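First comes the structure, then the notes that go with it.
What follows draws every value from the coordinates through simple rules; no lab data is involved. This is a predicted model, so every value here is computed, not measured. Please note: Cβ atoms are built from the backbone with ideal geometry, for glycine as well, and neighbour counts cover all protein chains shown.
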Amino acid sequence: MIYYLLRRLVGAVAVLFGVVTGTFVLSHVVPSCPACAVAGVRAGPAQIAAAAHSLGLDRPVWEQYVTYISGLARGDFGISYASRQEIGPAILTYLPATLELVVYSFIVYAVLGVGLGLVWAWRGNRPESWIIRLFSMLGTALPVFWFAMVLQLWLGSTLGWFPITGRLDMDPPPTITGFYTIDALAAGNLDAFGNAVWHLALPVTALVIWLFAVATRLTQKSVVEEMQMPYVRTAIAKGAGTRRVLLGHVLRNAINPVITMLGLQFGWLLGGTVLVEVVFSWPGIGTYMFNALQTFDFPAIMAVTVVITLGFVIVNLIVDLIYPVVDPRIRLT
Amino acid sequence: MAAPALGRVEARRIELGRAMRWWPLLLIAVWVVIIALPGLIAPQNPLTLNLANTLAPPSGSNFFGTDEAGRDLWSRCVWGVRYSLGISIVIVVSAAVIGTLIGGLAGLLRGPIDTLLMRTTDVFLAFPYLILAIAIASAVGPGLTTVVVALTAVWWPGYARMVRGQVLALKELAFVEGARAAGTSTPMILIRHLLPHLLPQLSARVSMDVGYAVLALTGLSFLGLGAQPPTPELGAIIADARSHLLVAWWYTTLPGLFVLAAVLSAMVVNDWLEGRNKGELSR
Amino acid sequence: MIGTTVCAVDGLTVAYHSGGEWLQAVREVSFEVCSGEILAIVGETGSGKSTTATAMIRMLPRNGRVVSGRVSFDGRDLLALSTGEMRRLRGQDIAYVPQQPMSAFNPTMTMGRQVAEPLLIHRGMSQSEAAPLAAKRLREMGIHEVERVMHAYPHELSGGMLQRAMIATAMICQPKLLILDEPTSALDVTIQRQILSLIKEVQVGYHLAVVLISHDLTVVSQVADRILVLYGGRAAEIGPTLDITTRSRHPYTRGLLRSTLTGTLEHKAKLTSLAGYPPNPLEVDREPGCPFRPRCHREIAECAVAFPPLEGEPGHLWACYDPEPVS
């Protein structure tokens, strides 16, 4: 088992290395003239050369690469072209907002997706299943940014049920985690808690509706296949009801592919979060990246890419590490 | 014999199922018409400005209303969905071709080439797909070609993995050995002998991915990385609608329906293809 | 000592929906089983023996239906009970041991939890309360390293141990009726004997009514008190074991006996096999008369007209117009 864990860890590190190399290639090798962006549109050759020198862009490529890697290892993401500020601390300020959105969306989506999949599998061909099937098809087909805007317009503006932008209408609670919901509860501030949840409602809904279908479908398929297994008959012969059969026996055997898929879909969630943040003016790294895109701020764009991808790699690593816990068959091999 | 007869509801359902088997083709035909002859359903010019009629709600002359430059939204959407679907198909097919070649060669050749190709694939797959597309598109510079390149780069690894897996399974079969013994070169083995077996799954996946590519494409355009104005592209149109969110509900709401329709059609075709594949397997 | 009737099956007819048609797998089968006896149901593949058992406890697959009949247990018709009432009986009053113990257990759950499960379902116990009882049962069924087995996973145990554990699970709530579906078919010959004697011990010890399903007449004749022989979904012959093995009247039963190895074989005695093949359910459905006709050497005119009624001596019945003479 230890070998399994070690191999996964080493694999993750190797992949990360590939990722930062990839971003280096994208940011230093691909663009035709990064220095031009810095120097500005009306710069002459001398100014461009000066800009290039100040950014270290006239050094040999491999030297730039080493600088890049060692910088990242130290947490130094470089300087933003646009703001001339350090990128690292900027990302750090924006990160908690995104994390809060991502974490809540993921939890709601996983619970809803798997739950609906179970209901669908249990209910077979009855009307509830058709409804679930229809809605899940619709959900995946939505462009998430459009749907977010539709929610914003109709539920937020026209009906006035939810706020249209931002995270909070009042002063934020003292920072412990950066999650307004948790920090508000910790400070005993129920007003702020409620307000934070209220602001989270629409963005989370947009993301969840877009994502849940894949989890639902896979759970349903996996459960239905597992229900054909002989041990299900044994359980029924013991007098077990549907709930015990599904939750006590089938789910733990069927969950494996579902966990893999949840991990992979986290990548979708991350991409979708960028779009949703833009729509709701949510002060997270998605918005930060969007602003960087408007100004062609390469270092910032790449820095966000690395950070988000790092998150994705970590999640997939956790998924790999969870397998033995959930499935005793893997534990024993 | 006192055996229960097949219920009438069940019998009707089977009949309906048989009749409905071919309607996805009808759907494809409809979309082909829209792409090839947009003028048929959208007679107005999507680029014509009409500053006297900006941000007008839907009416008899403008089904979807007009945008901030007075352009007919319905026409812009029809033209836009042509781009979205057409380009998505190009992206996915290219990705499928590249991925098949790479995955197929990796599977057939094994050894260090396989490892190299698969490690590269792993690195690509380590990125959340939209983030990678954004990174590539921003590095190359915005534009429709960039988006094609970026999304193709994002999509090919999935195909490479899938094809490699299938090739690994297929190469154990006798006909591959026979081809090798006859002196066929590796690429020829892949193309001539293995491809027919790969096609059903590939085409099913391509149809599904076209839907997802439309979503990704419109997403990138929404962020400003895709088609540049005044080209009507659905994502860009929706992005423009943001500034007028509260005053022009049609501008925001209606274009998305086109995207939805395109993606749903892709999913329907995919369902149909997968159904046929399963049917063939069980024969 | 044979006691009261625990379960009586009367005119059971079961059909399956397959390929757009309904095929009858079991036709008007009737029998009784009393406490303190083992009734064996014997037949080839497709004879309807497993279907009969699963129909009794209402565990037919989705495409199966009981067309007619009655299954009385404890004064109630099992086929008329609600799902909830039936569930309460299963595992508690009526226990069913499924085929192939190697695959019948959940691979990701420890044996201890699976053996104790009926107690959790029916007696509302917690796992810690039920575990000692489960351990006791396992020991009773002849498992020695009980602690190890309780914490083991199914794939760590042998077929024989798994079958013992399965029987322990079935007995844990002390049911009145025990149904075993091919309990020895997947096991080695020596283990078969052990399991059969275990079944006999359990039956005697708890004064159970036991229904034992098998395709092997010689194996069951070692422990069964009465035997029901099925062919083509119909009862061919039913009677005490001694009668069936030494004084059988139905040509099919005779054929089965003659084609199997028994302990007493004369030197160079020939094994005669039954001619022909087991019936195709589709054909059996369509043709009236006795399904054994194609393979029977004693066929007479009436055999093609209608299925022969079950008649004979008290306790020993057969369905044949021209039964074998007593040898």
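Summary of computed values
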{"quantity": "Footprinting exposure proxy for C:Met161, A:Met137 (fewest neighbouring C-beta atoms within 10 Å first)", "calculated": "A:Met137, C:Met161"}
{"quantity": "Built amide H within the under 5 Å cut-off of C:Arg234, gap 5+", "calculated": "C:Arg27"}
{"quantity": "Rounded if a/c under 1.5, otherwise prolate or oblate - region C:20-92, Cα gyration tensor axes", "calculated": "oblate"}
{"quantity": "Rounded if a/c under 1.5, otherwise prolate or oblate - chain B, Cα gyration tensor axes", "calculated": "oblate"}
{"quantity": "Size of charge dipole - region B:64-276 - debye, nearest 20, with Cβ of Lys, Arg +1 and Asp, Glu -1, no other charges", "calculated": "500"}
{"quantity": "Net dipole in debye of the protein assembly as shown [+1 Lys, Arg Cβ; -1 Asp, Glu Cβ; about Cα centre; nearest 20]", "calculated": "1000"}
{"quantity": "Cβ neighbours within 10 Å from other chains - mean over B:213-219", "calculated": "4"}
{"quantity": "Kirkwood-Stokes translational diffusion coefficient of the protein assembly as shown, alpha-carbon pairs, 25 °C, 0.890 mPa s, µm²/s", "calculated": "74"}
{"quantity": "Angle in degrees between helix C:189-206 and the longest Cα principal axis of chain C, rounded to the nearest 10", "calculated": "80"}
{"quantity": "Charge-dipole axis of the protein assembly as shown as Lys and Arg at +1 and Asp and Glu at -1 on Cβ define it, positive-most pick from A:Ala148, C:Gly46, B:Gly60", "calculated": "C:Gly46"}
{"quantity": "Estimated vicinal HN-Hα couplings, Hz - region A:176-193 in sequence order (Karplus 6.51, -1.76, 1.60; Gly, Pro = x)", "calculated": "10, 10, x, 7, 4, 5, 5, 4, 5, 4, 4, 8, x, 9, 5, 4, 5, 4"}
{"quantity": "Ranked C:Ser82, A:Ser27, criterion: other C-beta atoms within 10 Å, fewest first", "calculated": "C:Ser82, A:Ser27"}
{"quantity": "Dipole magnitude of region C:107-168 about its Cα centre (Cβ charges: Lys, Arg +1; Asp, Glu -1), debye to nearest 20", "calculated": "120"}
{"quantity": "Nearest-ten-degree value, helix B:111-126 long axis tilted from longest Cα axis of chain B", "calculated": "30"}
{"quantity": "Top positive-direction residue, dipole computed over region A:176-333 with Cβ charges, set A:Leu262, A:Val223, A:Phe290", "calculated": "A:Val223"}
{"quantity": "Listed residue pairs exceeding 24 Å between alpha carbons, taken from C:Lys176/C:Lys200; A:Lys238/C:Lys176; C:Lys49/C:Lys136", "calculated": "C:Lys49/C:Lys136"}
{"quantity": "Sequence-separation-based contact order of chain A, relative, with Cα cut under 8 Å and 6+ spacing, percent", "calculated": "26"}
{"quantity": "Proximal charge balance of A:Thr181 [Cβ under 13 Å; K/R count +1, D/E count -1]", "calculated": "-2"}
{"quantity": "Shielding score for A:133-146, defined as the mean number of other chain Cβ atoms within 10 Å", "calculated": "6"}
{"quantity": "For B:Thr66, residues with placed amide H under 5 Å, excluding near neighbours", "calculated": "B:Leu55, B:Ala56, B:Leu73"}
{"quantity": "Under 18 Å from the Cα of B:Lys278 - aspartates and glutamates, other chains or at least 8 residues apart", "calculated": "A:Glu225"}
{"quantity": "Gaussian network model of chain A, Cα within-10 Å springs - most flexible of A:Ala292, A:Ala206, A:Ala52", "calculated": "A:Ala52"}
{"quantity": "Between 0 and 90°, nearest 10: helix C:111-122 axis offset from chain C longest Cα axis", "calculated": "80"}
{"quantity": "Dipole of chain A, positive direction: furthest Cα of A:Trp122, A:Tyr4, A:Gly75, with charges on the beta-carbon", "calculated": "A:Trp122"}
{"quantity": "In sequence order, calculated HN-Hα J values of region B:143-150 (Karplus, 6.51, -1.76, 1.60; Hz; x Gly/Pro)", "calculated": "x, 5, 5, 4, 5, 4, 4, 4"}
{"quantity": "Fraction of the pair-distance distribution of chain A above 38 Å, Cα-Cα pairs, percent", "calculated": "30"}
